[in-house]
Amino acid sequence: MSITQLSDVAGLALLPAGLQDGLPPDAAHEAALVEQMIATLAGYGYERVKPPLLEFEDSLLAGPGEQVAQQTFRLMDPISQRMMGLRADMTPQVARIAASRLGRAPRPLRLCYAGEVLRVRGNQLRPERQFAQVGAELLGSDAPAADAEVVRLAADALQSLGLKSLSIDLSLPTLVGGLLADLHITEDAGRALRSALDRKDAAAVHAAAGDSAPLFDGLLRAVGPVGKALPALQALDLPEAARREVAGLAQVVEQVAREAPELRLTVDPVEHRGYEYQTGLSFTLFATGVRGELGRGGRYAAIGAQGVEDRATGFTLFMDTLLRALPAVQRRKRVYLPIGTDPAQARGLRATGWVTVAGLEPVADPLAEAQRLQCGHLLQDGVLHEVENE
Amino acid sequence: MSESQPLVLALPKGRILKELLPLLAAAGIEPEPAFRDESARQLRFTTNIPGLDVVRVRSFDVATFVAFGAAQLGVAGNDVLMEFDYPELYAPVDLGIGYCRLAVAEPASLHAQDDPSRWSHIRIATKYPEVTRRHFARRGVQAECIKLNGAMELAPTLGLCRRIVDLVSTGSTLAANNLVEVETIAEVTSRLIVNRAALKTRPEEVGRWVEAFRECANAA
């Protein structure tokens, strides 16, 4: 190949920032993981839905969708002349399906989904602008048992992939908002306080909270392993509404700990970033040594049928982070079949888990050919030979 | 991925490090002797605590190392935290060291006849383009930033641009260059910072150090 041709290929290979080609064996690995998780979700009665890639902007960005409005690619529909958005998150789509076409389906309604999403901007921690999501939504119940179910389900889906060292961080995103209102803290001071709490910046919290500094300081100290943080949170002198939220959290913690005692739970009552549209108990999934979040979930208000709000909770897992958290994939064992191999024998090999790679032309040295095609084995005269690969 | 992987504490080189050493000692952390040797080529050091290493990097890089989880703990000024605003960073303890301020400065001659309320666009030399842009945007002024990594005070004298945003502690460098401080953007101190995922996945170990530094900072 000449130099000009080479550079032409290189020019074609350049993709827009944050987009990439999935190659073997990673592409197959990701697809298998998605199917495995969907199977776990289906086992709990969550039925799969498949929303379209594009929707009209108004419906895509309604309700919880507003959160990703700035991250949504738009294009004009040449047919209807209306603006469409490319999904940046699938939860709003599933909530829309539940409210509209499945508005009459009995509640609680359990749905799951998997698909690619596209975002306008990556960030330093997640440069990917396109990645796959797998998730589940439980609509029509606000029982603590529903919160506990989705937490456990998310953990189960991840652990079914062999993920070790999972941590679940439980938060109450509406707690601080309620406190700010109860304590008559002005909007400006509230915003400064929120920002300081999000950064766990004790100095800034102290400066912004004024007379209420001890209370917010107490909240900051009620961050950590559930065994320490929850009692610390319960010991705080909180207003009635906040007390109820904490009691709800304790109920969910109790149920999750009973059903899945091996799970590591932490509590963070002040976390709010990324939870702006959550209306109750929410959670983020982490794994030791993995940068970023594996997924997140929590309670939100879905637009319900006839305008009645559906009390909903659910979670979304991010495949890009998840792939980083799992061990590298092993290729399945491959066997090279020289041309003329008996098809019945090839079928037999595939049936027992082999990947068969068929020769298309006669070759002088089948062993070398098997090696060249990255096959660990060669079938010659009906006998399997191991090929030495470097 | 196991719990036995060492925690890494990222510390800034230079000025802050001297103030930091007594705090480290109070928290019970003694880095190996080579750490105090400024000419050492070594970048990563063990400490008297098994499972805790320290690294010495530029102050801006502390935030980056910790945000990406390459180090779980670090010490950085809130000037750096404001500039990057990584969502993966928590700053749970104000260490009460490295006091200074982030300020706007300009030549004394300019200051005498300047009317900031008439600005729509200004040009500023700074190490903090994000903070500077945000600060002036809030006042409806577009700030065009020229990124410099040091010797900001030279910019006005050599005519690169007339204003700078820089850290000021005593103000003597400004005065020596005929600059006056016209506005404070933020008061700066050093903070203990932690990686969010590390705090969530290793809450006992990381939380223990947060607690230790909090006690030392309060006692100081």
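The values are calculated or read from the model by the stated rules, or taken from the named source; none is laboratory data. A quick note: this is a predicted structure, and the numbers were derived from the prediction, not measured. Here the Cβ is made from the backbone with ideal geometry for all residues, glycine too, and neighbour counts use every protein chain on show. With ligands, DNA and RNA removed, areas are computed over all heavy atoms of the protein, side chains included. Shrake-Rupley method; radii C 1.70, N 1.55, O 1.52, S 1.80 Å.
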(request) Excluding B:Gln142 itself, calculate the net charge of residues whose Cβ lies under 13 Å from the Cβ of B:Gln142, where each Lys or Arg counts +1 and each Asp or Glu counts -1. (result) +4
(request) Treating cross-link reach as a plain straight distance, find the aspartates and glutamates whose alpha-carbon is under 19 Å from the alpha-carbon of B:Lys13, omitting any fewer than eight places away in the same chain. (result) B:Glu30, B:Glu32, B:Asp37, B:Glu38, B:Asp53, B:Asp61, B:Asp79, B:Glu83, B:Asp94, B:Asp166
(message) At a threshold of 8 angstrom on Cα-Cα distance, excluding pairs fewer than six apart, so keeping six or more, what relative contact order does the stretch A:130-276 reach in percent?
(response) 38
(request) For the stretch B:100-187, just say rounded, prolate or oblate: build the C-alpha gyration tensor, square-root its eigenvalues into a ≥ b ≥ c, call rounded for a/c under 1.5, and beyond that prolate if a/b exceeds b/c, oblate if not. (result) rounded
(request) Compare A:Arg87, A:Arg264, A:Arg96 in a GNM of chain A, Cα atoms joined below 10 Å, and give the one with the largest fluctuation. (result) A:Arg264
(message) Between the stretch A:269-334 and the stretch A:210-263, what is the separation of their alpha carbon centroids in Å?
(response) 21
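Once you list every other residue whose beta carbon is under 14 Å from the beta carbon of A:Arg152, what net charge do they have if Lys and Arg are +1 and Asp and Glu are -1?
-3
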(message) Rounded to the nearest 20 debye, what is the charge dipole size of the stretch A:334-386 about its Cα centre when +1 sits on each Lys and Arg Cβ and -1 on each Asp and Glu Cβ?
(response) 260
(message) Among the complete DSSP H segments of chain A, which ones combine at least 30 Å of alpha-carbon extent along their axis with a mean Kyte-Doolittle hydropathy of 0.0 or more?
(response) none
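Over 31 Å between Cα atoms, which of B:Lys18/B:Lys147; A:Lys164/B:Lys18; A:Lys200/B:Lys147 qualify?
Values: B:Lys18/B:Lys147 27 Å; A:Lys164/B:Lys18 41 Å; A:Lys200/B:Lys147 29 Å.
Where the Cα-Cα span goes over 31 Å, the pairs concerned are A:Lys164/B:Lys18.
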(request) For A:Arg331 paired with A:Asp142, estimate the spin-label separation in nm (one decimal), with each label point 7 Å from Cα along the Cα-to-Cβ line. (result) 5.5
(message) Let me make sure I get this right: for the stretch A:5-153, a, b and c are the square roots of the gyration tensor eigenvalues over alpha carbons, sorted descending. Under 1.5 in a/c it's rounded, otherwise prolate if a/b > b/c, else oblate. Which is it?
(response) oblate
(request) Under a 10 Å cutoff between Cα atoms, tell me which one of A:Ala145, A:Ala192, A:Ala370 has the largest fluctuation in the Gaussian network model of chain A. (result) A:Ala370
(request) Please find, in a Gaussian network model of chain A (springs between Cα atoms separated by less than 10 Å), the residue of A:Ala346, A:Ala207, A:Ala28 whose mean-square fluctuation is greatest. (result) A:Ala346
(message) Nearest 100 Å² is fine: what is the total accessible surface buried where chains B and A meet, probe 1.4 Å?
(response) 2300
(request) Would you mind computing, in nm to one decimal, how far apart the modelled labels at A:Leu12 and A:Ala181 are, each placed 7 Å from Cα along Cα→Cβ? (result) 5.9
(request) Output the relative contact order of chain A, whole-number percent, from Cα pairs under 8 angstrom with separation of 6+ residues. (result) 16
(request) Would you please give the FRET efficiency between A:Asp211 and B:Thr46, computed as 1/(1 + (r/R0)^6) with r the Cβ-Cβ distance and R0 = 56 Å, to the nearest 0.05? (result) 0.75
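For an R0 of 41 angstrom, estimate the FRET efficiency from the Cβ-Cβ distance between A:Ser59 and B:Val182 and round to the nearest 0.05.
My answer for the efficiency is 0.25.
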(message) With every protein chain kept in place and ligands, DNA and RNA left out, what is the accessible area per residue of the stretch A:334-386? Probe 1.4 Å, answer in Å².
(response) 62
